[in-house]
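A.B. asks: Below is one structure. I have some questions about it.
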């Protein structure tokens, strides 16, 4: 019988504050139940409620406790061997997910039906929505939340986070397109249907500059919905002189009047972007 969330949270928080409680069978059982629920998609580290993303830090705590409860063990995949505390996901046959060798998703991550996992990596606590493509050598870090119908192009790096447990993971909302070799870290939110051209790097402090109007507008940590974004640089003064530092430029909007595929192609063609 499943334990209610209030009891699970109480047990997890108490054990996280006092690791000696890990010897209590009820705590170990609670941790295992939370990780199993992440793996099946019944729980998630963060979710959007009324337009605001809420982080369930006690679930992040459960992931950290899972590491403490388990010793490293051997596993094999064909001729390859591994030594890790967390096994790989199994039982793909009825999941509706396509996994291309040597694509790897760790136990405790969730991939919804229709996901295609190329030779890429998905870490524990991450959640990937229905119909999303994770292209070759892309990485989805721990607890990252990737929406439905997203395209993560080759070599994309989605950062992970476990500590501090209250830290927001990277969030890529439904329908976004993330171009080759983009890097998104430190809890940045890419809102729905945004388009990131190849090579965009976004940290919590990266200026995201909207240059579509006569006066530039700058924000950090969030790419607006439907924005078309390219890499950029801007001058910054240092004691040794003026140097060009990275930023991201919002140069247009993805049309809402067309379907995602048509709109994406139009955005790339209009602005000369590469993916």
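The values are calculated or read from the model by the stated rules, or taken from the named source; none is laboratory data. In this text, all values refer to a predicted model and were calculated from it rather than measured experimentally. Here Cβ is always computed from backbone atoms with ideal geometry, including for glycine, and neighbour counts include all displayed protein chains.
A.B. asks: Filter region 104-119 down to residues that are in contact (Cβ under 8 Å) with a residue 24 or more places away in the chain and surrounded by 20 or more Cβ atoms within 10 Å (Cβ to Cβ) and give me whichever is nearest to residue 147 (Cα to Cα).
C.D. replies: My answer is 110.
A.B. asks: Another question, then. Which one of these is modelled with pLDDT under 95 and in contact with a helix residue (DSSP H, G or I) (Cβ under 8 Å, 6 or more places away or on another chain): 84, 24, 4?
C.D. replies: Answer to the selection: 24.
A.B. asks: Output the number of residues of region 144-155 satisfying the condition of being under 18 Å from residue 222 (Cβ atoms) and part of a loop (DSSP other than H, G, I, E, B).
C.D. replies: Adding up the residues that qualify gives 3.
A.B. asks: Something else: Quick test for you: out of 233, 223, pick the one residue that is surrounded by 15 or more Cβ atoms within 10 Å (Cβ to Cβ) and at pLDDT 95 or above.
C.D. replies: It is 223.
A.B. asks: Among the numbered criteria (1) surrounded by 17 or more Cβ atoms within 10 Å (Cβ to Cβ); (2) at pLDDT 95 or above; (3) more than 20 Å from residue 129 (Cβ to Cβ), which single criterion is violated by residue 175?
C.D. replies: (3)
A.B. asks: Let me ask another. On the basis of being part of a loop (DSSP other than H, G, I, E, B), crowded, with 16+ Cβ neighbours inside 10 Å and in contact with a strand residue (DSSP E or B) (Cβ under 7 Å, 6 or more places away or on another chain), does residue 168 make the cut?
C.D. replies: For residue 168, the condition - part of a loop (DSSP other than H, G, I, E, B), crowded, with 16+ Cβ neighbours inside 10 Å and in contact with a strand residue (DSSP E or B) (Cβ under 7 Å, 6 or more places away or on another chain) - is met.
A.B. asks: Among the residues that make up region 239-262, is at least one of them exposed (fewer than 11 other Cβ atoms within 10 Å of the Cβ), modelled with pLDDT under 95 and over 19 Å from residue 150 (Cα atoms)?
C.D. replies: Within region 239-262, none of the residues are exposed (fewer than 11 other Cβ atoms within 10 Å of the Cβ), modelled with pLDDT under 95 and over 19 Å from residue 150 (Cα atoms).
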